[in-house]
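The values are calculated or read from the model by the stated rules, or taken from the named source; none is laboratory data. Owing to the predicted nature of the structure, the values given are computational and were not obtained by experimental measurement. With ideal geometry, Cβ positions are generated from the backbone for all residues, glycine too; neighbour counts draw on all protein chains shown.
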């Protein structure tokens with residue numbers, strides 16, 4: 001998987017392929033080296049790692065360093081965002097999109113550190129990334145998956161307008177086994193309708 005764009009090393013800016021996203025409470029931008037300790041702290045939590053397919057547990061500072069390096073070099077995802085507090089810049093979690101085998105479809109992924117759960121942050125970040133993806137890319141669908149036991153993630157998915165498609169199994173790096181997941185999809189027509197309702 002490759003990124004359309006990478007963070008500009010000299011200016012610290014993210015170019016137009018994965019633009020910085022600003023919402024009411026959040027700023028979504030490329031992960032920075034300065035995020036290393038916060039990423040390591042929040043990700044080193046079994047309640048987070050076991051719900052994210054490719055997150056190891058325990059999660060070390062070196063894992064965070066490698067994650068930031070891979071995000072900058074385009075080794076993971078189409079756009080990988082650090083979700084940060086708009087007021088003080090604190091790192092809260094991650095959200096991003098990545099390409100699938102079908103070029104018309106992207107997959108959404110996200111995680112938020114446990115101290116910041118139940119505040120609508122994942123939903124706000126997901127809305128911003130979904131809107132960016134449909135507005136800037138020639139895609140028809142965005143898919144998302146969550147563990148069948150992850151009620152919080154399912155609520156985010158429903159709030160974003162995704163429709164249930166079925167179940168499957170994915171590998172969990174933290175658990176070292178496969179786990180059952182639910183698969184959801186949001187198509188462009190539904191997204192346009194939802195945006196129209198929000199504006200009405």
Q. How many residues, within region 42-67, are outside any loop (DSSP other than H, G, I, E, B) and touching a strand residue (DSSP E or B) at 6+ places or on another chain (Cβ under 9 Å)?
A. 5
Q. With respect to the numbered conditions (1) free of Cβ contacts under 8 Å to residues at least 40 places away in the same chain; (2) assigned to a helix (DSSP H, G or I); (3) over 20 Å from residue 162 (Cβ atoms), which one is the sole condition not fulfilled by residue 122?
A. (3)
(Q) I'd like the full set of residues that are touching a strand residue (DSSP E or B) at 6+ places or on another chain (Cβ under 7 Å) and surrounded by 15 or more Cβ atoms within 10 Å (Cβ to Cβ), limited to region 141-157. (A) 141, 142, 143, 144, 145, 146, 147, 153, 154, 157
Q) So which of 83, 144 ends up being farther than 18 Å from residue 185 by Cβ, touching a helix residue (DSSP H, G or I) at 6+ places or on another chain (Cβ under 6 Å) and part of a strand (DSSP E or B)? A) 83
Q: Please state which of the following conditions residue 102 fails to meet, knowing it meets all the rest: (1) closer than 25 Å to residue 43 by Cα; (2) touching a strand residue (DSSP E or B) at 6+ places or on another chain (Cβ under 9 Å); (3) not in a strand (DSSP E or B).
A: (1)
Q) Of these, 166, 161, which one is modelled with pLDDT of 95 or more and in a loop (DSSP other than H, G, I, E, B)? A) 161
Q.
Looking at region 68-94, I want the residues that are surrounded by fewer than 21 Cβ atoms within 10 Å (Cβ to Cβ) and have a partner that is at pLDDT below 95 and assigned to a helix (DSSP H, G or I) with Cβ atoms under 6 Å, at least 6 apart or on another chain. Which pairs are those?
A. 76/70
Q: Would you mention how many residues in region 166-200 are free of Cβ contacts under 8 Å to residues at least 40 places away in the same chain, surrounded by 14 or more Cβ atoms within 10 Å (Cβ to Cβ) and either in contact with a helix residue (DSSP H, G or I) (Cβ under 6 Å, 6 or more places away or on another chain) or farther than 24 Å from residue 57 by Cα (or both)?
A: 2
